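S.K.: Okay, here's the structure, questions in a sec.
The values are calculated or read from the model by the stated rules, or taken from the named source; none is laboratory data. Keep in mind that this is a model prediction, so the values were computed, not measured. Positions of Cβ are backbone-derived with ideal geometry, glycine not excepted, and every protein chain shown enters the neighbour counts.
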Amino acid sequence: MRIGLVAYPGLGGSGIVATELAERLALFGHEVYLFATERPFRLSKESPVRFLEVPLPYYPVFPAPLYTLSLAGTLESEAGRLKLDLVHTHYAVPHAAAAYLAFEDRLPLVHTLHGTDVSLLGMDPAFRLPTARALQRGRTTAVSQALALQAEKAFGVRPRVIYNAVDPERFRPRPEWKRLYAEEGEFLLVHASNFRPIKRVPDIVRAFAKIRRKVRARLLLLGKGPELPEARRVAQALEVEPWVTFHPPTPHPEEVLGAADLFLLASEEESFGQAALEALASGVPVVATRVGGVPELVGPEVGRLVELGDLEGLAEAALDLLLHPRLPEMRRRARELALTRFHPDRITRAYLEVYQEALESR
Ligand code: GMT
């Protein structure tokens with residue numbers, strides 16, 4: 001098949017999911033094109049996937065660059081030139097509407113919903129109706145049951161649930177690397193995100209201060225974003241700054257995750273939690289807030305769930321796991337989960353089934 005994927009190129013999980021799916025589809029022998037405004041963060045130089053830039057032309061007459069229109073125009077002209085069989089968009093706003101504008105019913109369209117495209121932007125009256133119309137005319141998938149339910153209410157569609165995948169070759173335990181990030185005898189706790197307010201990174205620092213009162217530990221915060229200064233301020237105020245490492249975003253988060261003892265996630269909303277899955281694949285148990293699709297991923301055999309904002313509970317759960325005699329068993333189960341339920345081959349086949357249905361229904 002000749003497949004065009006559309007994604008946001010930045011540090012967000014939806015762009016990562018789209019990039020990794022594109023690479024796996026190419027590995028399966030398909031011809032894959034990735035449309036984005038810049039080269040996606042995780043798309044390697046050697047990748048067989050071809051990156052196609054969506055330009056953002058600026059004309060002073062417009063109040064802002066017209067991304068939606070530019071994407072629609074680029075998709076339409078490139079799909080003809082490349083003879084694409086199908087277009088698959090990731091993150092519905094505005095990608096679903098742009099693809100619909102480009103093709104209406106002339107090409108099979110598949111749309112994957114990721115999170116705030118439903119819960120936040122999907123609720124905005126400015127976006128909801130055109131997005132719903134586009135989604136209803138194509139095939140829709142969602143990255144968790146929780147998100148699929150939300151999408152049904154917001155857009156009147158019944159998405160098929162296809163969980164995100166993780167590459168177990170890349171994300172694997174790397175305990176020997178721990179000495180790069182922590183002192184001898186310290187537990188290494190890791191959080192990775194785009195530091196948006198929704199991720200509640202300062203809460204992680206607050207919970208860490210409680211953990212640090214009981215055991216020798218270090219917190220590594222991987223990523224960057226608007227809440228970085230606040231997280232730093234809280235670390236200073238709680239006098240744990242010497243044990244908090246701020247690590248800039250890296251195209252190789254596997255090197256850090258594989259070295260961790262525990263992964264922390266305190267988000268107020270999370271349709272899936274890609275970083276938590278990457279931690280599990282790395283053999284790292286997860287303590288996370290019980291929100292959105294996280295419980296579909298983090299069961300009691302691989303971690304603990306706590307209520308949103310319960311920092312005492314977060315700290316207690318983390319201590320419980322770190323000091324638990326079954327920790328090695330949990331690490332093994334976490335890895336096993338990633339190797340089975342979330343293996344990229346399995347997930348890619350699920351998408352291929354949806355593609356096939358979309359092609360056959362024409
Ligand atoms: O909706 C967002 O916050 C952005 C989006 C992204 O592009 O990173 O994140 C969502 O998609 C990820 C990949 O499917 C999921 O792992 C995240 O849980 C989800 N974020 C939210 O639901 C807040």
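S.K.: Looking at Glu268 and the list (1) farther than 18 Å from Val306 by Cβ; (2) surrounded by fewer than 24 Cβ atoms within 10 Å (Cβ to Cβ), which single condition is not satisfied?
M.R.: (1)
S.K.: What's the total number of residues in the stretch 96-127 that are away from the ligand (no atom under 16 Å from the Cβ) and either surrounded by fewer than 18 Cβ atoms within 10 Å (Cβ to Cβ) or not small (Gly, Ala, Ser) (or both)?
M.R.: 11
S.K.: Any residue in the stretch 58-77 that is among the hydroxyl-bearing types (Ser, Thr, Tyr), touching a Phe, Trp or Tyr at 6+ places or on another chain (Cβ under 7 Å) and either in the same structural domain as Leu11 (by TED's automatic domain parsing) or outside any strand (DSSP E or B) (or both)?
M.R.: Yes; the residues of the stretch 58-77 include at least one that is among the hydroxyl-bearing types (Ser, Thr, Tyr), touching a Phe, Trp or Tyr at 6+ places or on another chain (Cβ under 7 Å) and either in the same structural domain as Leu11 (by TED's automatic domain parsing) or outside any strand (DSSP E or B) (or both).
S.K.: Can you give me the ranges of the helices (runs of 4 or more DSSP H) entirely in the stretch 197-262 with at least 2 residues that are within 27 Å of Arg335 (Cα to Cα)?
M.R.: Filter on the stretch 197-262 gives 201-212, 254-257.
S.K.: Determine, yes or no, whether Ala318 is assigned by TED's automatic domain parsing to the domain that holds Arg179, touching a residue at least 12 places away in the same chain (Cβ under 8 Å) and under 22 Å from the mean Cα position of the chain (by Cα).
M.R.: For Ala318, the condition - assigned by TED's automatic domain parsing to the domain that holds Arg179, touching a residue at least 12 places away in the same chain (Cβ under 8 Å) and under 22 Å from the mean Cα position of the chain (by Cα) - is not met.
S.K.: Answer yes or no: is there a residue in the stretch 192-202 that is closer than 18 Å to Gly258 by Cβ and assigned by TED's automatic domain parsing to the domain that holds Glu241.
M.R.: yes
S.K.: Go through the stretch 6-31 and report how many residues are away from the ligand (no atom under 14 Å from the Cβ) and of a type in the set (A, V, I, L, M).
M.R.: 4
S.K.: Consider Arg42 against the criteria (1) charged (D, E, K, R); (2) away from the ligand (no atom under 16 Å from the Cβ); (3) at pLDDT below 95: it satisfies all of them except one. Which criterion is unmet?
M.R.: So the condition that Arg42 fails would be (2).
S.K.: Hey, does the stretch 156-175 have a residue that's within 21 Å of the chain's Cα centre (by Cα), buried (at least 16 other Cβ atoms within 10 Å of the Cβ) and part of a helix (DSSP H, G or I)?
M.R.: No, the stretch 156-175 has no match at all.
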